[in-house]
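Take a look at the structure below.
Just so it is clear, none of the values below were taken in a lab; they were calculated from the coordinates. Everything numeric here is computed off the predicted structure, so don't read it as measured data. Neighbour counts are summed over all protein chains in view; Cβ atoms, including those assigned to glycine, are modelled from backbone coordinates with ideal geometry.
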There are 2 protein chains.
Amino acid sequence: MRTVGLIVEYNPFHNGHLYHLRQSAKITEADAVVAVMSGHFLQRGEPAMWDKWTRARMALAGGCDLVIELPVAYAAQAAEWFAYGAVSLLEATGVVDAFCFGTESGRLAPLLMAADLAADEPPDFRSLLKSKLETGQSYPAAYSETIQAYLKARGDMEAAAFPFDQPNHTLGLHYLIAHRRIRGAMKPYTIAREKAQYNQTSITDGAIASATAIRKLTLESGALEEIRPFVPATTYEVLMDRHADGIPPVHWEHYKDALFHTLSTSSPHRLSELREITEGLEHRLLHAWPELQEWSIDSLLACLKTKRYTRTKLQRALLSILLGHAKQDFTQEKLASGVQYIRVLGFSKKGQSLLKRMRSAASLPVLMSAARPPKPFRYLELDVQATRAYMLGMPGAKLPSDLSRDFRDKPIMI
Amino acid sequence: MRTVGLIVEYNPFHNGHLYHLRQSAKITEADAVVAVMSGHFLQRGEPAMWDKWTRARMALAGGCDLVIELPVAYAAQAAEWFAYGAVSLLEATGVVDAFCFGTESGRLAPLLMAADLAADEPPDFRSLLKSKLETGQSYPAAYSETIQAYLKARGDMEAAAFPFDQPNHTLGLHYLIAHRRIRGAMKPYTIAREKAQYNQTSITDGAIASATAIRKLTLESGALEEIRPFVPATTYEVLMDRHADGIPPVHWEHYKDALFHTLSTSSPHRLSELREITEGLEHRLLHAWPELQEWSIDSLLACLKTKRYTRTKLQRALLSILLGHAKQDFTQEKLASGVQYIRVLGFSKKGQSLLKRMRSAASLPVLMSAARPPKPFRYLELDVQATRAYMLGMPGAKLPSDLSRDFRDKPIMI
C-alpha cells in the first residue's frame, strides 16, 4: 500500500481540499492518504471554527484514511516550525512514502534549490536574514529576499526571480527545509493550487473557494446553504449536524473575555516570558487594550497592526497569551527535538490496516488519546490545555464534560 | 483635632459599623475618623460586593472623614500581613492618634500581653507554630495554641485561657503585633462587638446584623428592602442608586470563567509560583476543576475543602490565581518593607483639613489616584490590575472605560 502524506487544517474541508487530496494521490500513485492536521488552534493564530474531532470527521468523510494531530506547539507557529513539526510527524509514522503540498506555481525545482541553500545555512545567512528583518520587513519577505540574494550571487538568475514569498511557496520551502534537516525518506511533490488563492476573501468560482472565503461567508451570513456549493456533500452533512445541535462556528471573539482577563493581570515581564512576545510588544499590548474604542479582539488587532507586525503575527502573539505558552517550552532545542508522539484523531477502514502497520513501523509511540501516555510529554500537556481553553470559549460546549475529551474520546472511525 | 483610625472593609457599611465608628470616636475622644479600607478584594479572598468607590461613599456618608485604600497586596491576606499593612498605613498618615478595633471580648490586656510575646518571637516560637500547623491545624488555632503554651509555661493561667482564636481576637492580636513591630505611636483601643458575631449568617437582632448575614440576604432575596433595617439610611441610599443603575452585587461566580480559563492553561509549576499555593495545592486544584459535578466556584471550594484548608484559605488561593499574584512580589522582605504610598479614596469636609495636615505629616507620598505616582510602586500596579480584573467580571461595568477608573477617578467628596 503506497501512501501519501498531506499537511492540513481543513477549516473546513472544502472542494479545493478534495481536489488537492485526489491530485496528490494520483501523481504519487498512492492508495492511501495520511493527513497531519492542526488541532484546535491554527497556523494563523486563530481558533479553528470547528473542533478537531469534527474536522477529523470531515477529513475522513472526504477521503483521508488516517488523521493524526499536529501538536499545538507546532500548529500555531510561523512557517519554519509549523513545517518542521508536520514533516517530522509524517516521516515518523514510518508508513508515508511521499508528501505533497499545494503551491502557487506547482514548481518543485526552485523550491528544492532554495531548500538546499537554506538548510545548509551558509555563512552569514542568518545575519543577512536578521538585518532584513531589522529594517521592518515581514518574515516571509525577508526570508525570500535572503534566498534570492544568495541565488543571484551564484548567478542563478532564473531561480532568483522565483516568488518565494508567496504564502504557499514559503510554506512549501519550509517543508522541504525540514525534510532535509531530518534527512527524511519521503519523496516530496507539489501541485499547483487551483482556482482559489490562499488569502482570497471573495468567492469567484463556481465550485472552489479558499477556506478564508468560506469562513467569511459562514460568519457573515450564518447560513450554511451559502457555502454548500463550495464544500463536498460529506462536509456539508457534518456542518448541518453541528448546526442542528445549535453549535455555531468558533471565532476569536469567543475568547475575548479570557484574553482580556489574562491581560488585566499580566505584567510586562510576565508577557515577555511568552512565545511570540518580542521587541517590546508586551508594552504596546498592555498600553493598547484598556484604551480600545471598540471592545473586541478585532479592534485590538487593528490597533496593534504595523507594517512589521502582520495580523497573523499578532494573532499568534494573542494566542500565545491566551494559552500561556512560555518561551521556555519553545526553545530551538525543544522544538528541534521534534514531536515525541503520534496522536491519532481518526481513521477509515483502509486507515485501520495503515494504523496497524504504523504501530510497528513508527519511530514514536502511537497514542489513541491523551490518556496514559507511556511517559509525560510536555507538548501533549499543551494539547490538553489547548483543548480545555478552546472548550471554555466554544459556544454550546458541554462543561465540564467536554474539557476531558482529549482523555475520553476514542479516534473517529468512518 | 484628635483622630481615630479604623481598619475596615464595609461590605457594606451597616449598623454594626456605625455603632463601632461612634463608639470608637467616643472612647478615644476623637473629632475625626480615618478608615483604611480594602479595595476590590477582601480579606477572606472574595471580591467586594460593591466597588471601592461605592463603599468609600458609604463610609463617608456614614461618618468617616477620610478613607484610604489598603493595597490588595495586604487586603487579601491572612491576619498577619493584613494587619501589618493596615496598621502601617494608619501610622504612616502621621495624623492618627489612636486606632480602635472591635473584638469578641472587648479586652485589650490579654491581647497586648500576647502581642508582646509574639512580636519578640522568643526561641522556638516559629518552630512550635510550624509543628502545630503540620498536624493539620488552621493558622488561627495553631497561632492561638502556641501563644497559650507560652503563657502557660510562664504561669500566666488566666491569660492562657483567653480565646485568642476567635476571629476578631486573632485580627486584633495581629494589629497589636504589627503596631509593636513598626514601633507605632498610635494608642490602641478595643471595643466589644455588639450583638452580631463575625461569621454569623442568620439575622437575630432588630438593627444589627453581621455583614455576612447582610450579604447572604442580598444575594438570596435580591431585594434591598430586606436589608433596609440593618443599614444606615445613607448606605441604603447608595445601594438604591446602584440598584437603579441595574448593577447587582458582585460575587465570586462572576469570576468563574476567568478563573477556569486561567486554570485551563496553568501548569502545576506555574501555579506553584503564586502566593497561597503551597503544599501541593496546585496538584489538587488542577485535578479537581475539570471534574466538577456542578460548574461553579462554590462547588470547587466544597470539593477542595479539608480540615486544614479552610474556605477562607482556599478563596485566597483562588484569588491569587485569578489575579496572578506571584510569590516573588510577596516575599517577607517586600511585605515587611511595608506600604509605600497612601492612596486617598475619599474625604468629607472635615477630612479635607485632615488631608491637608496629612500631606505634610505623612511619612509616605499621598496619592489622589493611581495616575503619575512619584515613582513606580509595584503594589500600586497590583491595585490597578485588581481593579481591572474586578471590572471585567462586574455585571454592568462599562468597558473599557471602567478599566481606567484608578487613573481617572478623583477621590469621592461628601
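Which of B:LYS356/B:LYS410; B:LYS132/B:LYS305; A:LYS256/A:LYS307 have a Cα-Cα distance over 21 Å? Those over the limit are A:LYS256/A:LYS307. Taking other Cβ atoms within 10 Å as a rough exposure proxy, A:HIS174, B:HIS283 sort from fewest to most as B:HIS283, A:HIS174. Placing a label point 7 Å from the Cα of B:GLU145 along the Cα-to-Cβ direction, the distances to the matching points in the other copies come to 7.2 nm, shortest first. The relative contact order of region A:210-317 comes to 17 percent, based on Cα pairs under 8 Å that sit 6 or more residues apart. A point 7 Å from Cα along Cα→Cβ stands in for B:ALA336, and the other copies hold the same point at 4.6 nm, listed in rising order.
Would you calculate a helix-derived [θ] at 222 nm for the protein assembly as shown, using -39,500 (n - 2.57) for each DSSP H run of n ≥ 4 and dividing by the full residue count, to the nearest 500?
Values: 40 runs with 402 residues, N = 828.
Here the helix-only value at 222 nm equals -14500 deg cm²/dmol.
In plain terms, the residue of A:HIS287, A:HIS251 with the fewest other Cβ atoms within 10 Å comes first and the most crowded comes last, giving A:HIS287, A:HIS251.
Across the copies of the chain, B:ASP298 has label points (7 Å from Cα along Cα→Cβ) spaced 3.8 nm apart, shortest distance listed first.
Amide H contacts for B:ILE191 (H built 1.01 Å from N in the peptide plane; partners 5 or more residues away or on another chain; cut-off under 5 Å): B:PHE101, B:GLY102, B:THR103.
Of A:SER127, A:SER348, A:SER296, the residue with the greatest mean-square motion in the GNM of chain A, using alpha carbon springs below 10 Å, is A:SER127.
A DSSP coil position with no more than 10 other Cβ atoms inside 10 Å describes the following GluC sites (Glu not before Pro) in region B:8-75: B:GLU29. Its relative contact order, with pairs defined as Cα atoms under 8 Å and 6+ residues apart, puts chain A at 23 percent. Taking the fewest neighbouring Cβ atoms within 10 Å as the starting point, the ordered list for B:THR387, A:THR331, B:THR218 is A:THR331, B:THR218, B:THR387. Loop-located GluC sites (Glu not before Pro) in region B:238-315 (DSSP state not H, G, I, E or B) with no more than 13 neighbouring Cβ atoms inside 10 Å: B:GLU279, B:GLU294. Over all other residues within a Cβ to Cβ distance under 10 Å of A:ILE342, the charged ones net out to +1, with Lys and Arg as +1 and Asp and Glu as -1.
Annotation: Cα Rg of chain B relative to the compact-globule expectation 2.2 N^0.38 Å equals 0.95.
Hey, got the dipole for region A:252-330? About the Cα centre, +1 on K and R Cβ, -1 on D and E Cβ, debye to the nearest 20?
340
Among the trypsin sites (Lys or Arg not before Pro) found in region A:131-167, those both in a DSSP coil and sparsely packed, with 14 or fewer other Cβ atoms within 10 Å of their Cβ, are A:ARG154.
Straight-line cross-link partners of A:LYS187 among the lysines, defined as a Cα under 20 Å from its Cα and at least 8 positions apart when in the same chain: A:LYS26. For region A:317-414, the relative contact order comes to 35 percent (Cα pairs under 8 Å, sequence separation of at least 6).
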